[in-house]
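Working notes, beginning with the structure itself.
The values are calculated or read from the model by the stated rules, or taken from the named source; none is laboratory data. None of these values were measured; they are calculated from a predicted model. In this analysis, Cβ positions are derived from the backbone assuming ideal geometry, glycine residues included, and neighbour counts consider all displayed protein chains.
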Amino acid sequence: MDSERKPARKAGNGEDSIYWDKSKNRYVGAVSLGYTAAGKRNRPKVSGTTKTEVRKKLRDLKKELEKGSKTAATYTVGQAVEDWLAQGLKGRAEGSVDTYRSLAQTHIIPELGNAKLRALEADDVDAWLDERAKVLATTSLQLLLSVLRRSISHAQRRGRAVRNVADFVVAPEGRAGRPSKSLSLNQAESVLRAQAGTWIHAYVVLALLVGTRPEETRPLTWQHVRLDPRGDETPHVQVWRSVRRHGEMKTHKSRRSLAMPKYVVVVMKAYRDQQRAAFKASGRQWTPEGLVFPRETGDLRTALDVRRNFRGLLKEAGLPHPQRWTTRELRTSFVSLLSDHGLRIEDIARLVGHSGSNTTERVYRKQLRPVIEAGAEAMDEIFPVGVNDDQD
């Protein structure tokens, strides 16, 4: 194997070269096509785990090059990305589209946007990602590369690109992501007292004491908040939809019905009565099909709107640096508070809708104590109904 990995001689114009790239742990094949108008070597590349695989890819690449391409000399990476954003994301959730567009406009278009797509090389993409790795986390780098790769694939399907150089690139390791935080018991008690009687207070009470995801809480309707259940049922929340495309849930175990602690029932009933009165006063009809936490116009609240109001509540609660918190950390706090109280990690995983306990333990739980309790009963013990006398 070592003899195969000796550097190959410099290939002449039109010749192939195959060499071992230690950094990628793969064989790389290149065909020399001379120089670009800018004086840069034009060497399209392919890669594979064996020389045989690379030779086949080189043959296929040459065939594609011989066929030519409809790509105009002026067609840029920026145009390819914009075309994919406009045409390749039909049916995707609005939030996903906003994320892709933000990444493209912040990191791809400013750095690579003016590059001619047919002249783009894998080395160009590698250098760009290495530079981005100084300021972005690994997951963001992977998502950036995915956006570029899918944009070029979209151009290929429309005859505007011959090859996808992003396929030959691996995202580097980036900066460590921001660690999630959890509210302490004292902080949680302060948060549950802040802005009582407002919609954001009810939102926080539900998310913190029941453990719903932000994308599950925003689209929640009253018909799925069973405050007055029939028969032997206990008050519960039917977490059956999210803001994802077609309302689909994050995982198959995310669709679940969760019992509500007594304090949540008290707060949500008071909030429901208040909302009904407000609707009546404004001449609007209140229906169970309506959103639990709508905007003033009745529309779905954006994540930004919820986050802004949440940070205002944290400021009133006296938490330092409220701008450093996100609504998702209410769920992290839910897990940590239950774990600290003694709930078993496997039971917490079921409450939060995880497929297994690994994610719960690795990402969410901050404290460990192995005692079995029921979720709603445990929260009743942590936060009794009297935690906020204004709601009685």
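Scanning the stretch 71-95 for residues that are among the hydroxyl-bearing types (Ser, Thr, Tyr) and either exposed (fewer than 13 other Cβ atoms within 10 Å of the Cβ) or within 14 Å of Leu145 (Cα to Cα) (or both) yields one hit, Thr74.
In the set Asp273, Asp305, which member is in a helix (DSSP H, G or I) and surrounded by fewer than 14 Cβ atoms within 10 Å (Cβ to Cβ)?
Of Asp273, Asp305, the one residue that is in a helix (DSSP H, G or I) and surrounded by fewer than 14 Cβ atoms within 10 Å (Cβ to Cβ) is Asp273.
If you check Leu304, Leu258 for being outside the structural domain of Glu94 (by TED's automatic domain parsing), of a type in the set (A, V, I, L, M, F, W, C) and touching a residue at least 60 places away in the same chain (Cβ under 8 Å), only one passes: Leu258. The residues on offer are Leu141, Leu192, Leu148, and the sole one that is under 30 Å from Leu319 (Cβ atoms), hydrophobic (A, V, I, L, M, F, W, C) and either free of Cβ contacts under 8 Å to residues at least 24 places away in the same chain or not assigned by TED's automatic domain parsing to the domain that holds Arg43 (or both) is Leu192.
Does at least one position in the stretch 206-223 carry a residue that is at pLDDT 90 or above, surrounded by fewer than 16 Cβ atoms within 10 Å (Cβ to Cβ) and more than 30 Å from Lys22 (Cα to Cα)? Checking the stretch 206-223: at least one residue is at pLDDT 90 or above, surrounded by fewer than 16 Cβ atoms within 10 Å (Cβ to Cβ) and more than 30 Å from Lys22 (Cα to Cα).
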